[in-house]
Number of protein chains: 4
Amino acid sequence: MQLVEECIIRASLHEPQPVGAGPIGTRVHYGISGGVVEGERLNGAVLSGGEWALIGPDGCLRVDVRMQVQTHDDAHIYIQYVGLLELNETVQNALENGTGTEFDDQHFYTNPRMETGDERYRWVNTTFFVGEGRLLPNSQVEYRVWRPA
Amino acid sequence: MQLVEECIIRASLHEPQPVGAGPIGTRVHYGISGGVVEGERLNGAVLSGGEWALIGPDGCLRVDVRMQVQTHDDAHIYIQYVGLLELNETVQNALENGTGTEFDDQHFYTNPRMETGDERYRWVNTTFFVGEGRLLPNSQVEYRVWRPA
Amino acid sequence: MQLVEECIIRASLHEPQPVGAGPIGTRVHYGISGGVVEGERLNGAVLSGGEWALIGPDGCLRVDVRMQVQTHDDAHIYIQYVGLLELNETVQNALENGTGTEFDDQHFYTNPRMETGDERYRWVNTTFFVGEGRLLPNSQVEYRVWRPA
Amino acid sequence: MQLVEECIIRASLHEPQPVGAGPIGTRVHYGISGGVVEGERLNGAVLSGGEWALIGPDGCLRVDVRMQVQTHDDAHIYIQYVGLLELNETVQNALENGTGTEFDDQHFYTNPRMETGDERYRWVNTTFFVGEGRLLPNSQVEYRVWRPA
């Protein structure tokens with residue numbers, strides 16, 4: 001199975017709000033303050049959103065994100081995804097020092113599901129996507145979003 | 001089965017972002033700009049959150065909300081819920097005119113699930129809640145939150 | 001807020017399949033082998049289903065059920081719910097000895113969401129339900145299902 | 001981003017139970033009667049499970065599956081996934097005639113999430129998977145399951 005790149009999503013996170021060690025793991029909320037989407041068919045701004053991360057005893061952060069995107073030509077797309085982020089030493093260091101990581105520094109993958117009513121972007125509703133993530137400096141996250149070739 | 005009132009949640013909504021008529025219904029996102037929680041055991045502020053409403057052909061809005069609450073004594077609680085809001089004529093009028101409704105004006109119920117790591121509020125993790133909602137003027141929503149007696 | 005009883009759901013469980021202590025809790029699967037629904041407006045058989053229980057360190061079992069119901073007049077209804085079951089001493093004893101509990105022996109509540117395309121039962125799609133559960137002898141679970149009055 | 005094949009999952013489906021055209025689409029339930037998992041690291045039997053398919057007006061079936069697997073060396077793994085299946089003409093014909101399709105005959109992809117408490121298979125909890133599906137004759141579904149290289 002081959003993948004081709006659809007777009008890049010870059011999102012800026014607010015300071016984390018620590019919900020704490022709850023019944024199914026340690027929950028941390030990050031508001032999404034903004035961002036961009038760049039690609040051949042998808043371009044626009046991340047308007048708002050949030051990440052409800054759940055950190056497990058296995059050193060893995062379970063990603064749970066919802067975000068609102070407005071394209072350059074004024075379509076609204078809702079993107080939601082779950083996924084996995086391996087909190088290894090490289091990631092921990094980057095988080096502590098406010099630096100970034102490369103795509104192959106960690107196991108960080110998601111399954112973005114997009115939804116819109118805009119005729120011009122109907123194809124996002126029926127396309128399966130895979131996101132490959134990394135950290136960027138200054139509390140940013142970047143995903144390369146792929147689709148089956 | 002008897003219920004007793006636990007608290008009131010009042011939340012202010014931003015202007016809606018219309019995702020449009022997608023594959024499973026018409027999606028509208030409302031950001032939550034703030035709010036309050038008031039009760040005997042629960043008091044605090046709604047810090048942020050969102051509603052990802054899904055409106056069906058049956059005149060019913062399926063509620064899907066996530067919000068972050070900070071109590072007056074500095075605990076963080078994550079509240080998520082799904083539920084049903086009947087979009088009858090009274091509700092439609094209130095939405096158009098920016099007015100409110102009474103609790104018995106519509107079928108508007110949710111099942112709030114609360115999550116925290118704070119020792120003082122551990123009981124919210126293991127308590128089942130029912131929310132009974134209504135609209136308030138100026139894009140606010142109010143829930144009476146109940147628990148089994 | 002007042003509730004009125006809608007129906008009883010009684011379901012028989014297969015032997016548990018222990019998935020074990022995973023990343024978000026201890027998962028146990030119970031297949032549902034059958035059951036009945038009895039009420040003024042809802043009567044039929046539980047055809048199949050499953051419970052994907054998640055047991056937390058807080059002595060609480062998070063319920064996650066999906067089941068298929070066929071009414072006496074041949075409508076198909078899909079019922080799904082999440083909820084909470086307090087694993088206190090009375091419940092533990094009942095589980096070990098294959099006996100039952102009373103409704104007020106434990107905090108055991110769910111939020112059944114029903115779905116059907118059958119015209120005669122359209123109302124289940126737009127009605128909010130609350131389930132109050134207890135254990136019956138021989139690996140059965142019984143819910144009183146309520147709706148707002 | 002490169003993927004490598006992890007295993008094959010083949011599942012046999014019971015006759016569909018048609019829930020009908022509900023509030024968010026047309027729901028059809030298929031019980032899973034059994035199946036196999038075959039791969040270098042994962043081998044075993046599908047014990048039970050179900051698919052709660054949701055068919056939209058866009059000719060796309062939204063997949064929602066939960067299944068229980070027992071490995072050849074007696075570990076229990078819970079697999080759940082959502083995904084997309086394009087109901088094009090080739091798929092429709094195969095469904096009507098009880099025949100199969102090839103992997104490139106349709107857009108049919110899922111995101112299997114696996115969960116276990118078994119030490120020997122801990123890695124499934126923290127590995128992101130992508131499933132590529134096709135239909136087999138006699139109401140079977142086959143997935144090639146991939147992971148990032």
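All of the numbers you see were taken from the coordinates with simple rules; none came from a lab. Because the structure is a prediction, the values reported are computed rather than measured. FYI the Cβ positions are ideal-geometry reconstructions off the backbone, even for glycines, and counts take in every protein chain you see.
Just to confirm the filter: which trypsin sites (Lys or Arg not before Pro) across the stretch B:100-149 are DSSP coil and have at most 16 other Cβ within 10 angstrom of their Cβ? Please list the in-between numbers first.
Values: sites: B:113, B:120, B:122, B:134, B:144; in loops: none.
Sparse-neighbourhood loop trypsin sites (Lys or Arg not before Pro): none present.
Per-residue HN-Hα couplings for the stretch B:132-149, Karplus 6.51 cos²θ - 1.76 cosθ + 1.60 at θ = phi - 60°, whole Hz, x for Gly and Pro?
10, x, 7, 8, 10, x, 6, 6, 10, 10, 10, 10, 8, 9, 10, 9, x, 6
From other protein chains only, count the Cβ atoms within 10 Å of every residue's Cβ in B:9-18, then give the mean.
Numbers: counts 0, 0, 0, 0, 0, 1, 0, 0, 7, 3.
Partner Cβ neighbours, averaged per residue: 1.
For chain C, what Kirkwood radius comes out of the mean inverse Cα-Cα distance, in Å? Could the numbers behind the result be given before it?
Numbers: mean 1/r = 0.0638 Å⁻¹.
The answer is 15.7 Å.
List the GluC sites (Glu not before Pro) within the stretch C:26-109 that fall in a DSSP loop (any state other than H, G, I, E or B) and whose Cβ has at most 13 other Cβ atoms within 10 Å.
C:40, C:102
Could you tell me which residue in chain C puts its beta carbon nearest the axis mapping C onto A, with the distance rounded to whole Å?
Measuring from each Cβ to the axis, the minimum is at C:24, 2.
Just want to confirm a number: the relative contact order over the stretch D:27-85, from Cα pairs under 8 angstrom separated by 6+ residues, in percent. Could you put the intermediate results ahead of the total?
Working: 132 pairs, mean separation 17.0, N = 59.
For the stretch D:27-85, the relative contact order is 29 percent.
Pop out the ³J(HN,Hα) list for the stretch D:24-31 in order, Karplus 6.51 cos²θ - 1.76 cosθ + 1.60 with θ = phi - 60°, rounded to Hz; leave Gly and Pro as x.
Coupling constants for the stretch D:24-31: 10, x, 8, 9, 10, 9, 10, x Hz.
Suppose a student asked you for the relative contact order of the stretch D:3-148, using Cα pairs under 8 Å spaced at least 6 residues apart; what percent would you report?
After rounding, I find 23 percent.
Modelling each spin label as a point 7 Å along the Cα-to-Cβ direction, I'd like the residue D:96/residue D:136 distance in nm, to one decimal.
2.5 nm
Add -39500 (n - 2.57) for each DSSP H run of 4 or more in chain D, then divide by its residues: what number comes out at 222 nm, to the nearest 500 deg cm²/dmol?
Details: 1 runs with 9 residues, N = 149.
Calculated mean residue ellipticity at 222 nm is -1500 deg cm²/dmol.
Over all alpha-carbon pairs of the protein assembly as shown, lay out the pair-distance distribution in 20 Å bins, whole %, shortest bin first.
20, 58, 22, 0
Considering only the label points, 7 Å along Cα→Cβ from Cα, what distances in nm to one decimal separate residue C:59 from the same position in each other copy, shortest first?
Label-point distances to the other copies, shortest first: 3.4, 4.8, 5.7 nm.
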